[in-house]
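Scroll down for the structure; my scribbles are underneath it.
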Amino acid sequence: MKIVFAGGGTGGHLMVGLSTAEEIRSRFHGAEIIFFGTDKKFEKRCVEQKGFQYRQVRAKKWGKSCKHLFVFIGATFLGIVESIVEIRKFNPDIIVGLGGYASVAPIIAAKLLGIPSVLLEQNVIPGKANRLLARWADEVYCHWRGALKWFNKAKVVRVTGTPIRKEVLLGNKRRSAEKFGLSLSKKTLLITGGSQGAQAINETVLRSLPKFELLYNDLQIIHCTGEYEYEIVKAAYKQTKIDAFVCSFLDDMGAAFCMADIIICRAGATTIAEITAVGIPAILIPYPYAADNHQYWNAMELVSNGGGYLLQQIDLTPEKIVELITDLFNNQEKYDRMRMFNKGTGMPNAAINVVDNICRVIGLKSAQFALIVG
């Protein structure tokens, strides 16, 4: 089996692809897998750390101005040519589109070469790339039923859930506590802004530290800052009595999720898929400049099911964060109910569902080809 995963630009798109690729590798030990992605270094690093091959494909985001449109068209044309060359060399059974502008050229190339393709969509409001490509792909796999209406031109759309990293489900709390140098008896607050960090969250949390310090006998923190503010945040915690593990990027999110009693985070689709699979009550702060405000709608899906709080960035204050956390820690019934509702929306077997469908598409296309040849 040979498979190309195409897409990227954000950690969310990439992690979905890696989770799916690992499920394929666990079933088919001889599978050959290549990722086509952008020039972002973290993508290449993450893919190669997992033992997969990586190829950079020319790609540019599209913008609203004519200049940006022409740049996008030019880069996409060159990306299609590059993709055709690489795909012919590799001769894959299927192309899996992960969303994002880097998926456009490879999926179009797959269509031109007659190779089957599927798309993975994690958001309630699908990204522009997947909306554009859905008409050419063989199937589309979504996390939310609310996304179905956006794919009326697709051939087949299925609700499979969003594949998540296996380590998210396999954490051991005692080993995780040792890894982070934290206590098993204290409540743990996990703070993360995603692969790129979140300046607004980091700054508000730092302003909250004097209030958190009043709870230091019962509270500890894991704070993933992103690379740009790591030193500032780490230095700020050192000035307090709070037990904290501060990092710029966390490779083992499973250990962090295993420790976490509450999470403060953005509302990226992959993050929500992971916290619902585990069942962590969440304070969701959607990134306000995301395309189509899709993080807000992702958060609304979770909040409407009772699994978390929605806090708009414009309303983000130290007082509000401390109020919500204190309320959850002091109200066990509400906390337990939120955890239960949250986990009830999770789809921990999504990677299995997606790979089952990929195998079916490959088998179906192979059977159709054999029928035509015969």
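The values are calculated or read from the model by the stated rules, or taken from the named source; none is laboratory data. None of these values were measured; they are calculated from a predicted model. Virtual Cβ from ideal backbone geometry, glycine too; neighbours counted across all protein chains shown.
For segment 93-106, the set of residues classified as more than 20 Å from the chain's Cα centre (by Cα) and crowded, with 24+ Cβ neighbours inside 10 Å consists of Ala105, Pro106, listed by residue number. In segment 20-55, of all residues being small (Gly, Ala, Ser) and crowded, with 24+ Cβ neighbours inside 10 Å, the one that is modelled with the lowest pLDDT corresponds to Gly37. Quick check on my filter: what residues within segment 102-125 are closer than 21 Å to Gly268 by Cα and small (Gly, Ala, Ser)? Of everything in segment 102-125, those that are closer than 21 Å to Gly268 by Cα and small (Gly, Ala, Ser) turn out to be Ala102, Ser103. Which one is surrounded by the fewest Cβ atoms within 10 Å (Cβ to Cβ) among residues in segment 107-129 that are aliphatic (A, V, I, L, M) and within 20 Å of Phe77 (Cβ to Cβ)? Of everything passing the filter in segment 107-129, Leu112 is surrounded by the fewest Cβ atoms within 10 Å (Cβ to Cβ).
List the pairs whose first member sits in segment 320-337 and is within 14 Å of Ile280 (Cβ to Cβ) and touching a residue at least 12 places away in the same chain (Cβ under 8 Å), whose second member is crowded, with 16+ Cβ neighbours inside 10 Å and among the acidic types (Asp, Glu), and whose Cβ atoms are under 9 Å apart, counting only residues at least 6 apart or on separate chains? Note: pairs meeting the criteria are Leu328/Asp261; Phe329/Asp261; Tyr335/Asp261. Identification of strands (runs of 3 or more DSSP E) wholly contained in segment 256-342 with 3 or more residues that are acidic (Asp, Glu), at pLDDT 90 or above and under 17 Å from Ala198 (Cβ atoms) yields no element. Looking for something part of a loop (DSSP other than H, G, I, E, B), surrounded by 14 or more Cβ atoms within 10 Å (Cβ to Cβ) and of a type outside the set (S, T, N, Q) - is there at least one such residue anywhere in segment 226-236? Among the residues of segment 226-236, at least one is part of a loop (DSSP other than H, G, I, E, B), surrounded by 14 or more Cβ atoms within 10 Å (Cβ to Cβ) and of a type outside the set (S, T, N, Q), which makes the answer yes.
If you go through segment 123-153 and keep only what is in contact with a Leu (Cβ under 8 Å, 6 or more places away or on another chain) and either among the small types (Gly, Ala, Ser) or not assigned by TED's automatic domain parsing to the domain that holds Ile362 (or both), you end up with Ala134, Ala137.
Name the residue, out of Leu219, Leu214, that is more than 22 Å from Met15 (Cβ to Cβ), among the hydrophobic types (A, V, I, L, M, F, W, C) and touching a Lys or Arg at 6+ places or on another chain (Cβ under 7 Å).
On the way: Leu214 fails: touching a Lys or Arg at 6+ places or on another chain (Cβ under 7 Å).
Unique residue meeting the criteria: Leu219.
Mind listing whichever residues of segment 110-136 are at pLDDT 95 or above and touching a Ser or Thr at 6+ places or on another chain (Cβ under 6 Å)? The answer is Ala110, and nothing else.
Search segment 166-222 for residues being among the hydroxyl-bearing types (Ser, Thr, Tyr) and over 23 Å from Gly254 (Cβ atoms), and hand back the single one that is surrounded by the fewest Cβ atoms within 10 Å (Cβ to Cβ). Explain how you work it out, then say what you get.
At the first step, the residues of segment 166-222 found to be among the hydroxyl-bearing types (Ser, Thr, Tyr) are 176, 183, 185, 188, 192, 195, 204, 208, 216.
Add one more test, that the residue is over 23 Å from Gly254 (Cβ atoms), and what stays is 204, 208, 216.
Working: Thr204: 21, Ser208: 19, Tyr216: 16.
Only one residue tops the list, namely Tyr216.
All of Arg360, Arg337 fail the test of being basic (Lys, Arg) and within 27 Å of Lys211 (Cβ to Cβ), apart from Arg337.
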